[in-house]
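What follows is a set of notes on a single structure, which appears directly below.
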Amino acid sequence: MTLSDNRPVAIEPGEEVANSRVEPTITVSNVSKWFGDVVSVNDISLEVRPGLTGLLGPNGAGKTTLLRMICGLTRPSGGEIQVFGEPVRNNPELYRRIGVMPEHQSTYDFMTGRAFVELNARLQQVPDVKTAVERAIEQVDMQDAQNRSIGEYSRGMKQRMRLAAVMVHDPEILLLDEPLSGSDPRQRIEFQELMVRLASEGRTIMISSHILEEVEAVADRILLLVYGKLAASGDYHVIRQKLSDRPYIVRVGASDVRALAAGLITEPSVESISMDGEGHIQILSRSVRELQLAIPKAAQALGIRLTRVDPLDDSLESVFTYLADR
């Protein structure tokens, strides 16, 4: 399915990740939210199960509004949201099973990182504060800096200590809005590893992010919001394959690219071939699987050495850009 029929691109039954038979922890049914004349979220229905789900979309797509409705901070204008089968609004017991990390949140710079996490543990009425705080700080690898004031932290360190505060009560659901903001490459890798570990323990994790590569690396499933509507859901590779009205672009480097181009141009899987200005050819194809077989076969027949074969748009970036521009 495509946006042309006003329905989201979705994967077929059986193509979803292995936990598709597990009961959803979050159910969003025909939910809309408008602020005056501005529609932020428009008639969205979706289910989220245990594992890691990436929530993607441009600024103003409605990602933050959707997360705020899921955790009960904002009331939907229409529709219904249930978490663990219960209405989420005005449900304090349910809130204790959810951890929320907003994109914009002030921290108390005069407090130490440990004191900040302790404060959140007490607010959540954690029975063993000391053990919970130590576990949460260890999870984000901030033991060495826990007794320094937050005002001395870098932005990435603040993000990690905020995450420790969110996880201190050991929530079953984590809703994280732009959690990688300000993190350096090493911290992002560590964050990915932590999220994968937490998801493997049976938690439900939703990450809203514009850093597509990080979401692509860890998410079991993606949800793409465009203009307040759900544009696509499922595994991004499957979504990309279903966008059959747009060819893939594959870049190929070889010892003789012109001879290779001549040998490939008659292949049924090739729509067109062009030079990219860097000594490579770019091939448009609607069937990368067939093209992947045709390229080495042609190169071998012509005695040409391949130096690279790179799909240029088999990524979340390309899927998102394509859907956002439609």
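The values are calculated or read from the model by the stated rules, or taken from the named source; none is laboratory data. All values derive from a computational prediction rather than experimental measurement. Glycine gets a Cβ as well: all are built from the backbone with ideal geometry, and neighbour counts include every protein chain shown.
What the table shows:
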quantity: Residue tally, condition touching a residue at least 12 places away in the same chain (Cβ under 8 Å) and either assigned to a helix (DSSP H, G or I) or outside the structural domain of K130 (by TED's automatic domain parsing) (or both), over the range 168-198; calculated: 9
quantity: Single match in D128, D141 (criterion: acidic (D, E), out of contact with any strand residue (DSSP E or B) (no Cβ under 8 Å at 6 or more places or on another chain) and at positive phi); calculated: D141
quantity: Filter result for the condition that a residue is on the phi > 0 side of the Ramachandran plot and modelled with pLDDT of 95 or more, over N6, N30, N90; calculated: N30
quantity: All helices (runs of 4 or more DSSP H) inside the range 63-156 with 3 or more residues being more than 19 Å from L174 (Cα to Cα); calculated: 113-123, 129-139
quantity: First in the range 53-76 and of a type in the set (G, A, S) and surrounded by 23 or more Cβ atoms within 10 Å (Cβ to Cβ), second anywhere and modelled with pLDDT of 90 or more and part of a helix (DSSP H, G or I), Cβ under 8 Å, 6 or more apart; calculated: G57/K63
quantity: Hits in the range 20-38 (condition: more than 23 Å from F84 (Cα to Cα) and out of contact with any Ser or Thr (no Cβ under 7 Å at 6 or more places or on another chain)); calculated: F35, G36, D37, V38
quantity: Any hit, the range 277-296, residues being of a type in the set (V, I, T), outside the structural domain of W34 (by TED's automatic domain parsing), touching a Pro at 6+ places or on another chain (Cβ under 8 Å) and more than 30 Å from T65 (Cα to Cα); calculated: yes
